[in-house]
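This report concerns only the one structure given below.
Nothing in this text is a laboratory measurement; each read-out follows from the coordinates by a stated rule. Since we're looking at a predicted model, the values are computed, not measured. No Cβ is skipped: glycine too gets one built from the backbone with ideal geometry, and neighbour counts run over all protein chains shown.
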Amino acid sequence: MKSVSVSGSLRKNVGKKDAKEQRKNGLIPAVLYGGEKQLPLLIEEKSFKDVIYTPEVCYVELNVEGKNYKAVIQEAQFHKVTDKLLHVDFLEVMPKKPVTIDIPLLTKGDSPGVMRGGKLSQRVRKLKVKGLLEHIPDNITVDISSLDILDTIKIEDIQLDAISIIDNPSTVVITVLSSRNVEEAPKE
């Protein structure tokens with residue numbers, strides 16, 4: 001999994017007025033928790049470009065006044081109307097402690113069912129996985145080259161090494177739907 005370096009500083013004042021003033025200056029209030037103590041932070045808004053506004057999954061190398069922390073974004077809050085970033089919660093990643101994170105699900109291969117006129121339906125775009133940070137991949141790739149019309153792939157069909165999928169195992173992830181102009185399979 002890729003890492004992104006972000007630097008920040010400790011917040012001196014905590015509260016609504018101070019947070020509003022800091023946002024006007026281009027700084028986003030944030031909190032780092034999960035370690036020894038909770039740290040209120042201020043981070044430049046443009047630093048989140050490679051962390052939040054990207055389809056890739058990454059962890060953050062957070063530098064706070066000379067001290068480094070590994071963290072993942074637990075939650076990001078946005079303004080309801082303007083969609084501007086308001087606040088970010090970071091969860092510190094401890095060594096040898098599993099972390100839970102959403103990983104993108106990608107497909108590879110050509111489905112025979114789609115070639116005959118079926119429609120590929122990917123119902124899940126991300127899977128929630130749990131494992132040590134060093135074992136978590138950038139994405140999960142599923143081979144669809146064996147899917148015919150009305151065939152499905154469920155979460156229980158996806159096998160991963162060293163990490164576990166937390167989502168419901170019976171959830172259908174990918175299916176090939178039938179359409180009106182489906183060609184009949186040649187009879188053997």
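Only Lys, Arg, Asp and Glu carry charge here, each on its Cβ (+1 for the first two, -1 for the last two); on that basis the stretch 56-133 has a dipole of about 480 debye about its Cα centre. Relative contact order for the stretch 2-94: 33 percent, from Cα pairs under 8 Å spaced at least 6 residues apart, divided by residue count.
Tell me the relative contact order for the chain as a rounded percent, counting alpha carbon contacts under 8 Å between residues six or more apart. This gives 19 percent for the chain. Return the subset of Lys12/Lys126; Lys46/Lys126; Lys16/Lys96; Lys2/Lys37; Lys24/Lys130 for which the Cα-Cα distance in this structure is over 32 Å, preserving the input order. Distance filter (> 32 Å) returns Lys12/Lys126; Lys16/Lys96; Lys24/Lys130. Remark on Leu32: its backbone amide H falls under 5 Å from those of Leu39, Leu41, Phe90, a criterion applied only to residues 5 or more positions apart or on other chains, H modelled at 1.01 Å from N. Computed from backbone phi with θ = phi - 60° and the Karplus coefficients 6.51, -1.76 and 1.60, the 3J(HN,Hα) list for the stretch 35-43 is x, 5, 8, 7, 10, x, 10, 10, 10 Hz; x is used for glycine and proline.
From its DSSP helices (H runs of at least four residues, each -39,500 (n - 2.57)), the chain gives a residue-normalised ellipticity at 222 nm of -1500 deg cm²/dmol. The modelled label-to-label distance for the pair Thr100/Leu177, using points 7 Å beyond Cα in the direction of Cβ, is 3.1 nm.
The 3J(HN,Hα) values that the Karplus relation (6.51, -1.76, 1.60; θ = phi - 60°) gives for the stretch 19-34 are, in residue order, 4, 5, 5, 5, 5, 4, 8, x, 10, 10, x, 8, 9, 10, 9, x Hz. Gly and Pro appear as x.
So which lysines can Lys119 reach, going by Cα to Cα under 18 Å and dropping same-chain residues fewer than 8 places off? List returned: Lys108, Lys154. When the Cα gyration tensor is reduced to axis lengths a ≥ b ≥ c, the ratio a/c is 1.5 or higher for the stretch 1-69, and with a/b not above b/c it is classed as oblate.
Dipole orientation for the chain: of the candidates Thr100, Ile144, Val51, Val51 has the Cα lying most toward the positive pole (charges on Cβ; Lys, Arg +1; Asp, Glu -1).
Each of Leu133, Leu32, Leu106 was scored by other Cβ atoms within 10 Å of its Cβ. Arranged with the fewest first, they read Leu106, Leu133, Leu32. Karplus-based coupling profile of the stretch 103-114, in residue order and whole Hz: 10, x, 9, 10, 10, 9, x, 10, 7, x, x, 6, with θ = phi - 60° in 6.51 cos²θ - 1.76 cosθ + 1.60 and x standing for Gly or Pro. Shown for Val114, Val81, Val60: other C-beta atoms within 10 Å of each C-beta, ranked fewest to most, produce the order Val81, Val114, Val60. When +1 charges are put on Lys and Arg Cβ atoms and -1 charges on Asp and Glu Cβ atoms, the dipole computed for the stretch 1-112 relative to its Cα centre reaches about 380 debye.
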